[in-house]
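Scroll down for the structure; my scribbles are underneath it.
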Amino acid sequence: MTSERRLDRRQFGHRARLVLSSAEIRLIDDQAHAARTMWNCLHAWWTMLSKDKRTLAAADAAIRQARKEIDWLGVLPAQAAQAVLKTYFQAWKNRWEGRAQEPNFKARFRSVMSVDIPQGRDLQITRVHRRWGMVNIPKVGRVRFRWTRDLPVGKKAETDNRITGARLVKDALGWHIAFRITTRESPPAFHQGPEVGIDAGVNIPLALSDGNHQDHGRPPRLPDGTSDRDKWLNPDEKVKLLRLERWAARLKQHREPGQRSSNRLRAVYDQIGKLRAKAKRRATDWQHRTTTEIARRYGVIVVEHLDIANMTKSARGTIEEPGKNVKQKAGLNRSISQEAWGRTVTMLAYKAARFGGTLHKVPAPGTSQRCSACGFFTPGSRESQAVFVCKNPGCGWSGNADWSAARNVLHLYRMGLALVPAAGRAVVRRSPGVKPAAAR
Ligand SMILES: [Zn+2]
């Protein structure tokens, strides 16, 4: 027996905003456009080939040839081009293994602009100030980024803790760099913490079965009962967003069919995008802080299993119903809150693993109708959205409806109803395009 401890490889990302001149922005934009075009060329070529000729080696040869023959593909560094190929091939593998849908062409305005820097040694990161770092971007040069976290660079880099690559990503707030940090750590000790059931609340974003509700202090509902998709914006930002949306609608009216959007309209869209990006950043920031706290405190975390395929279907169904604006909006809002819940569960899954805990999913139809005190089921026991009143004559419990649902989620787990998402053995029947449960 050796006393050597087993080390687990862990990868995580750190995102920082880049400070760029307009010339540098143009250079990276060009690289991203070239990367997208390369993806599209690759996809056109691949789908034309007969199935037996579709190999990674053939695709690699085709890319090398294309870079020689097409001038402007040369703006993309060779390593980034290789990364496009790797991502494309992985997309097919995900399809073949039933995790995702077939890769498709990337549209100019709808796809996220990104460029890979797959090798960490190309980055040559240095810290120049308490708040600033410098990083090398191939074919662009050295640029500044906000230093908000201690990165393992220079003397602090070790084989077991270093930056192994990065990706440039553009959103409405500009170009960012996402560093990929690879560490090797000893696996966490078994988490001795208590069990908890969590429900995505109606009035509280996260209701915990022990009453520790996680709120972000932003009203989740509008007077008409739908959730507020802009709750992460402050009142003055909401006013600004409304004004911009009205303005965009007005500009759109003056556009002839088939005509391109005017520069002014596109500028308004940009501003709307910036506000939405700000809201999303605040939302994910809150989710990260909350899920870390939960994973740190609890050993067993139980959540409701979400049938994503079903839900997108229902959301789409309401949108297809013509003439009912309120329903459309409700469907849209629902799909947004579901997206947020899905992200919360993903975060809980990997954070629980990191702290030595486990995440379990339970099938949870009717958790909002069951009394968590006596187990009595009555449709309509929910007096209002916020208060649950039990209709069982012998019980009559009433209390916070979200808390009751969270206790029911935990109850289902204790009854042994957790779904078992074991590796390779799909318990839940799923349609293609739906990721298997990420929990362990
Ligand atoms: Zn009851």
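Quick notes on this structure:
- Any hit, the range 96-109, residues being touching a Pro at 6+ places or on another chain (Cβ under 6 Å), modelled with pLDDT of 85 or more and not in a helix (DSSP H, G or I): no
- Hey, Ala62 buried (at least 16 other Cβ atoms within 10 Å of the Cβ), more than 16 Å from Leu168 (Cα to Cα) and more than 27 Å from the chain's Cα centre (by Cα) or not: yes
- Residues of the range 142-179 satisfying the condition of being of a type in the set (Ser, Thr, Tyr) and within 23 Å of Gln79 (Cβ to Cβ): Thr159, Thr164
- Residues (more than 16 Å from the ligand (Cβ to nearest atom) and surrounded by 17 or more Cβ atoms within 10 Å (Cβ to Cβ)) located in the range 355-368: Phe355, Gly357, Thr358, Leu359, His360, Lys361, Val362, Ala364
- A Cβ distance below 7 Å, combined with a sequence gap of six or more or placement on separate chains, defines the contacts here; from the range 231-243, residues that are closer than 13 Å to Gln271 by Cα reach residues that are modelled with pLDDT under 90 in the pairs Lys238/Asp230; Leu241/Asp230; Leu241/Leu233.
- Here is the figure for the range 136-155: residues that are without any contact (Cβ under 8 Å) to a residue 60 or more places away in the chain, touching a strand residue (DSSP E or B) at 6+ places or on another chain (Cβ under 9 Å) and not in a loop (DSSP other than H, G, I, E, B) total 3.
- Under the condition of being in contact with a His (Cβ under 8 Å, 6 or more places away or on another chain) and among the β-branched types (Val, Ile, Thr), the residues counted in the range 53-107 number 0.
- Leading residue by the ranking (surrounded by the fewest Cβ atoms within 10 Å (Cβ to Cβ)) among those in the range 406-420 that are assigned to a helix (DSSP H, G or I) and of a type outside the set (A, V, I, L, M): Arg414
- The one condition in (1) part of a loop (DSSP other than H, G, I, E, B); (2) closer than 30 Å to Ser404 by Cβ; (3) modelled with pLDDT of 85 or more that Leu233 fails to fulfil: (2)
- Scanning the range 369-398 for residues that are more than 10 Å from the ligand (Cβ to nearest atom) and modelled with pLDDT of 80 or more returns Gln369, Val387.
- Test: residue in the range 141-153 that is of a type in the set (A, V, I, L, M, F, W, C) and surrounded by fewer than 17 Cβ atoms within 10 Å (Cβ to Cβ): no
- Some residue of the range 117-134 being surrounded by fewer than 12 Cβ atoms within 10 Å (Cβ to Cβ) and either touching a Pro at 6+ places or on another chain (Cβ under 9 Å) or at pLDDT 95 or above (or both): no
The values are calculated or read from the model by the stated rules, or taken from the named source; none is laboratory data. In this text the structure is predicted, and so the values were computed from the model without any measurement. Cβ sites come from the backbone with ideal geometry, for glycine too, and all protein chains shown count toward neighbours.
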